[in-house]
Amino acid sequence: MIRVLLADDQTLVRAGFRSILEGEDGIEVVGEAADGAEAVRLARWSRPDVVLMDIRMPGLDGLAATREITANSDIRVIILTTFDLDDYVYGALRAGASGFLVKDTEPAELIHGVRVVARGDALIAPSITRRLISEFAARARHPDPGPRLNALTDREREVMALVAAGLSNDEIAARLVLSPATAKTHVSRIMTKARVRDRAQLVILAYESGLTVPGWLAPD
């Protein structure tokens, strides 16, 4: 059972998401919060698997709440935003969010997103990733690989760069002539070595460390 906490200051939005999610087998809504502080309290009390978190809320906003929730737990946060390039999305991902959804997303996409994040994957489609990476890179004025990337093999660096370019495991496998299982193993090992929680954090690290740059993609 996937346990979900809803955090949004609009009652109707929470009611809509609850209605959609509770109609699905294997998903349970364990609480609702109207602001960030309440979201943090409920997350600590109810221990959800996933939090659907609005960014703009009174008092403690979604960005600060996300940082508090993810700092000392394995709870995963999906940011809810009105626009897919909300100014706060970058900060939310840096704070530990596992991805984001726009509020007018289709019910099937919401359900899929919750399931994807609950199993440990990041909810950032390749098309969105490519639009965000320039922001990641622009904010990394002085790239520094650091010890986390120094621990990677040449192959792992290659795979990480392809993840940062927005390729899925299957696409990485095809490009590098690997099996999908091998590509997945590489990605999992990279995340362990780099000490990141999911692909979203791996993408950020790749660009901020200078491993790759916007617009880069290895030739076929």
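Read the figures in this text as sums done on the coordinates, not as results from a lab. Predicted model only: the values in this text are computed from it and were never measured. As a convention, Cβ positions derive from the backbone with ideal geometry for all residues, glycine included, and neighbour counts pool all protein chains shown.
Decide, for region 29-124, between rounded, prolate and oblate: order the square roots of the alpha carbon gyration tensor eigenvalues as a ≥ b ≥ c, take rounded if a/c falls under 1.5, and otherwise choose prolate if a/b is larger than b/c, else oblate. Judged from the Cα gyration tensor, region 29-124 comes out rounded (a/c under 1.5). Taking amide H atoms as placed 1.01 Å from N in the peptide plane, the amide H of MET57 lies under 5 Å from those of GLY62, each 5 or more residues away in sequence or on another chain. Amide H contacts of VAL29: VAL4, each under 5 Å away and 5 or more positions distant or on a separate chain (H built 1.01 Å from N in the peptide plane; Pro and chain starts excluded). The 3J(HN,Hα) values that the Karplus relation (6.51, -1.76, 1.60; θ = phi - 60°) gives for region 42-55 are, in residue order, 5, 5, 5, 7, 8, 6, x, 7, 9, 10, 8, 10, 6, 7 Hz. Gly and Pro appear as x. Sequence-ordered 3J(HN,Hα) estimates for region 59-65 from the Karplus curve with 6.51, -1.76 and 1.60 and θ = phi - 60° stand at x, 6, 7, x, 5, 5, 5 Hz, glycine and proline given as x.
Write out the chymotrypsin sites (Phe, Trp or Tyr not before Pro) in region 10-109 meeting two conditions: DSSP loop, and at most 11 other Cβ atoms within 10 Å of their Cβ. Spell out each step's value before the answer.
Values: sites: PHE17, TRP45, PHE83, TYR88, TYR90, PHE100; in loops: PHE83, TYR88.
Passing sites in region 10-109 are PHE83.
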